[in-house]
Amino acid sequence: MKKLKNSKVNPLIVFILIFLICLKVAVGGSSELALRIHKNKKVDLASIDSGIDYAIFDDFLRVMKKVNLFIWCSKLQIQDILNWWLKVPNITFEVLVWCKLNPTPQTNNVWLPDVEYCLYFREKGVKLNKGYDYKSKWYVSGINQKDKAIYNHPSIKPFELVKRHLLHTTQKGDLILDPFIGSGTTAEASKVIGRDYIGFENDEAWYQVAIDRLDGVTAKEREAGIIQQILFDYKEV
C-alpha cells in the first residue's frame with residue numbers, strides 16, 4: 001500500500017475485511033459440526049481473528065481519487081468503521097447484506113449466523129450505474145461451500161455478488177484495488193467485466209490460489225497436479 005502513489009486508484013477500492021473479532025466466541029462439543037466450526041474459527045481463520053489497525057484506512061483515503069469503497073466486516077466492527085469514515089467530508093454510506101439460505105445451524109442461545117455485512121462508502125461525485133438488478137442492498141444465496149472447496153479459502157464471497165457491486169459502482173477501464181485478495185474473487189470479477197485490478201495477499205498459499213484462478217486453474221486441480229508430479233518423480237527414482 002505504501003508504494004502506491006497518491007490518488008492512483010480510479011476510483012474504487014474493494015476492501016475485503018474479514019477480521020471477525022466475534023470469532024472469540026467459545027465453540028464446544030465433539031460432534032462433526034462442532035469440530036468443523038472449531039477448525040474454521042481456530043485454524044482456517046486463525047491469522048485474521050484479532051482485527052486490524054484502522055490506521056490502514058489513511059492509505060486507502062490517500063490512494064483514492066474519490067472515496068468509493070466496500071468493506072466486509074463483522075457486526076461488532078460496524079460502529080468503529082462508520083465512525084472513522086463518516087469523519088471524511090461529503091461521504092454517504094449504505095449497509096449491504098449477504099443473506100445465507102443454509103447457515104451453520106448454531107442455535108444454542110444465539111441467532112443463526114445467516115447474515116454477513118458489507119459497508120459501502122461513496123464520496124459526492126461518484127457515479128452509480130443504471131440497472132435495477134444492481135440496486136438491491138441484499139443478496140440471497142447458499143453459504144458458497146462449492147467455491148470454498150474449489151478455491152480452498154474459508155471466507156470466499158459469491159462471485160456474482162462481487163461482480164454486481166463492481167458493475168454498479170465502477171466504469172470500464174477503472175482500476176480496482178483489493179489489498180486482501182484472498183482467493184482472487186475481486187480480480188476475476190474485474191477481469192470478466194473489463195476493469196483493471198491490483199491485488200495484495202500476504203499468505204503465500206492464497207496468493208498462489210488467486211494467481212491460479214486467474215489462469216483458469218482451481219486449487220483442487222493444482223493439488224492434483226502436484227500429487228501426480230510427486231508420483232511421477234517417485235516412479236522415475
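Ranked by the mean number of other Cβ atoms within 10 Å of their residues, highest first, the peptides 143-152, 170-179 fall in the order 170-179, 143-152.
Please give the charge dipole size of segment 108-155, origin at the Cα centre, charges +1 on K and R Cβ atoms and -1 on D and E Cβ atoms. Round to the nearest 20 debye.
The dipole magnitude comes to about 320 debye.
Using Cβ point charges alone (K and R +1, D and E -1), the dipole size of segment 147-201 about the Cα centre works out to roughly 160 debye. Structural size metrics of segment 121-206, computed from C-alpha coordinates, are Rg and Dmax of 13.7, 40 Å.
Could you pull out the pairs from Lys3/Lys163; Lys65/Lys157; Lys3/Lys130; Lys127/Lys157; Lys3/Lys191 whose alpha carbons sit more than 29 Å apart here?
Numbers: Lys3/Lys163 27 Å; Lys65/Lys157 26 Å; Lys3/Lys130 34 Å; Lys127/Lys157 24 Å; Lys3/Lys191 23 Å.
Exceeds cut-off: Lys3/Lys130.
Put a dot 7 Å past the Cα of Asn90, heading toward its Cβ, do the same for Ala224, and the two dots end up 5.2 nm apart.
Every number here is computed from the coordinates shown, using simple stated rules; none is lab data. Just so it is clear, the structure is predicted and the values come from calculations on it, not from any experiment. No Cβ is skipped: glycine too gets one built from the backbone with ideal geometry, and neighbour counts run over all protein chains shown.
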